[in-house]
Structures are given as structure tokens and as C-alpha cells.
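Each value in this text was obtained by applying a stated rule to the coordinates, not by laboratory testing. Note that the structure is a prediction, hence the values are computed from the model and not measured. Note: ideal-geometry Cβ built from the backbone for every residue, glycine included; neighbour counts use all protein chains shown.
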Amino acid sequence: MAVVVFGLTLVAGSFSGSFTGELLIDPAPNLAFQSLDFIFTLNYAFGGFLSTSESEFCLLGYIWQGFGVTGTLGAFDVQADLLFGPSTNDFLYAQEIITTSIAGVEIGWYWATLSDAVLGGPADGFAVRLAGRVGHLDFVSITEFAARIKNDDFDGITIVHAATGLYKSYDTFPISTLQTGSCSNGWSGEKLTVSGLQVGCVENIATTLYMSCLSGFEWIKFEVEGIDTGLCWLDLDLELTFEVQTKSVVITPTFVLGESACIDVYMDVRTGAPDDTLYGGFTTITDITLYGLGLTYSWNGVTVKELTLFDTGRYAITTPDYGSVIEKIADAVDDGHEYFPDYWELLSIEVAQDGCCGGITSFLVNTYFNQNTGGIFGWGMTHVEATFTVNPTLSLGGEIEVDTTGLTQLGWRIEVSW
């Protein structure tokens, strides 16, 4: 680090940074602290590169120390990240991403290592991504060598500080040998996607095949987007996934009400085992379940969203930090997403307008309803948060949560940049 700092002083560049502080308290019974979080970020721009240092502190002390570098070196885009745990004097994670484009083919190399101080470590590996276009078809190949990268089917890695719940997320997920086994030549998986095929009234057909060194064939998925139903107010998407012993079907109808509003219908299609006496032995549909509805309306910086959940045993509404969307509980647990297990309906109003001096002023109100609550309309909780830009270098924010027991959370936020 001393060598890097000394080297930066020899290169003409500019410093910038920011300080963010967040305080959450529980008003009952005696104003107990829930969390206190400070993030200090220092940026240094030099020669087409931007280096970043991010230090995060909370009530338990010095939690995260991250370093990052992004920039362009000739025809290559480069990104590198390091993460340390100062409270335990541990190195936690490192990744390096190098991308370029040659003759219309995008090439990406993703490498990462995870220390044994993190659950799932030690692990290290890399993946190679190739993407190109032939005619109207798009091809994407991801070859895994004990590492997965964030894409439409896989999440990246999320490292969680168990004592506080604070987390850091990165694109490259190294997988330990306990999960990949003894794969020959280090190869652990291959994901191939072909998209852009247009047939008849269908705008886009995509096929994704995934194979691994442990099981061979893992799954193949067919996605049909933009099915023309002949109705200007109805868009229909279809997803069909075949695994080794199972098959799943997801149908996503969207009702478009003008240019600013749409209705999302969440459906689960269940299938039974093939029956030779029915339909020539094809797998039959045994059940179609409507488990949720969503309405979104946006106009002039104001977004109104309403989510209704019918199956609270298998699905849930995620917290605002995770998008306030309907998600399968099993997927939320696997991905580490926080969700509300007791609320079946959400009414959200969000306003985002240009504020003072080029900043953004935002206001969000989320109201949740609980079917087991005896109050009016089954009201369960209201979450309010707002951000106000004072000047180009200062913004203030706050949040409040109120449920059936009263005021449960107060929060303040300040961000100073230079």
C-alpha cells in the first residue's frame, strides 16, 4: 500500500470523496440504538483510472475496508477489487475483471479468490465470457473454471457480516472444491445462451443450456418474450425449464394500460409426470396458480406501485433494499434477500424530482397490510423515507417506521461530498 500511495503522488491526478452517516434508533422503550453506520470514501483519478478506498464503521467498530481500481488500458477495460475485515484482521475477497472487444466479439475474464474467513471459503477460480452476434442471433458463452459470474440466471457473491447484517456484493463468485468436486482440468461448468430468434408473432426466443462437470446436463431453458396476443393491452412472456428430473413453466402476462401503467400477473404452472394414456405421453399441466398481482403507474416523476400476494406460504414481498418485489421465499433465502413474511399487500408511492443545485429530492411511502391484523383494512406497517439535496455537496435524509405497536424506527442520514 505504501508503494501504491507513493506511486500515485508521481502521477498528476485529482482527489474527491464523500462521507455518509446513517443512524437508526428504536424509540421504544428508551431510544435504543439499532444501528450506526459511517462510510468514508476517497477517490483518486489519474491517467484514465479511478482508484477508490471505502471504509465502513458501525457500532461494533471498523467493519469493512475495500479498495478498487477501474479504468482503461489500451483496448482493455480493467476492474480490480479488494475487501478486508479490519475487526478480525482478515483478508476476505479479491476479484479482477478484464474485458475487451475484438472483431465484434466481446471477451471477458473474471477471476476471484475467497479466504477461509468467509463461509464457503477458501475458494478461487475464474470464468471466461464470450459474446457476439451472427445475423439476428446473439450468442453468449460463459465457461466456468470454479467460478460463476453475475448474469440473468446466477447472482454474484454477497459477503455478510454476521454480527451486523451489513453486506458487500461482487460480480465474481469463486466456488470451493467442496462444491465443484475434483473437476478435470479445472473446468466446472458451461452456460450457453442463444437469443434473438423471431418466429411469427413472437418478438424474441432465447435458449439457455447449462452443464457442469459433476452432473453433466443441469438444465435447459426456453424463454419466449413479447408473444403477440392480438390485444394491444396484453403482453405475454413464457419460460419453460427442463432439469434432470423436473420441469417448470412460468407464464408472465402483463396488462399494459396506456404508456404509463401496466399490470403484472404472477402465475405458477405445475406439471405432472408423463402419462402414456394422455396426449401421446407428454407431461400434463396439473395446476395453474395465481399467486400475485402487481400494478405500476408512473407519471412525471411519480411512481405508484401496488402488490397483492395470494400465496404467503411460498412467496413474499422483499424489503425496500431488495426492490420491493414478489419473490419465492426459497429463492430469497438462497440469495440472502430480506423479505416480510407477514405482509400480503404493499401500496407504494415514490416521488423523485430534480432538487437544488442539480441534486435529486426523493420521497417514498410504503404501506404494508397484514391479513392476520384486526385493524382497519388489515394495516400492518408504514415505512417513510426522504432525501433532500441542500447544495451540491450536502444532502440530508430521514426515515420512519410505524406499525400496530407504534413508532418502531427513526433514522437520519447525511452525505457530504467534495
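When the inverse distances between all different Cα atoms of segment 42-99 are averaged and flipped, the Kirkwood radius reads 12.5 angstrom.
With 0.36 nm allotted per residue and the present C-alpha distance subtracted, the residue 334-residue 322 stretch has 2.9 nm of extension available.
Could you tell me how far the Cα centroid of segment 114-160 sits from the Cα centroid of segment 334-348, in Å? If you average the Cα positions of each part, the centres end up 27 Å apart. Cross-link partners for residue 305 among the lysines, with Cα-Cα distance under 24 Å and sequence neighbours closer than 8 places in the same chain left out: 328.
Entry note: segment 300-418 has Rg to Rh equal to 1.03, where both radii use alpha-carbon atoms and Rh is the Kirkwood radius. Applying D = kT/(6 pi eta Rh) to segment 37-185, where Rh is the Kirkwood radius over alpha-carbon pairs, T corresponds to 20 °C and eta to 1.002 mPa s, the Stokes-Einstein value obtained is 127 µm²/s. Shown here for segment 22-99: chymotrypsin sites (Phe, Trp or Tyr not before Pro) in loop regions (DSSP other than H, G, I, E, B) with at most 16 other Cβ atoms within 10 Å, of which there are none. Sorted largest first, the spans of the alpha carbon positions of segment 301-347 along the three principal axes are 34, 21, 12 Å.
Efficiency by 1/(1 + (r/R0)^6): what FRET value for residue 90 and residue 365, r their Cβ-Cβ distance, R0 = 35 Å, to the nearest 0.05? The partial results should precede the final answer.
Values: r = 40 Å, r/R0 = 1.16.
With a Förster radius of 35 Å, E is 0.30.
Rounded to 0.05, the FRET efficiency of the residue 153 and residue 31 pair, given R0 = 45 Å and the Cβ-Cβ distance, is 0.50. If we count every other residue with Cβ under 14 angstrom of residue 65's Cβ, Lys/Arg +1 and Asp/Glu -1, where does the sum land? Within the 14 Å Cβ shell, the charges total -3.
When the chain is fully extended, how far beyond the present Cα-Cα distance does residue 207 get from residue 143, taking 0.36 nm per residue of separation? Please list the in-between numbers first.
Details: separation 64, 0.36 × 64 = 23.04 nm, distance 1.65 nm.
In short, 21.4 nm is gained.
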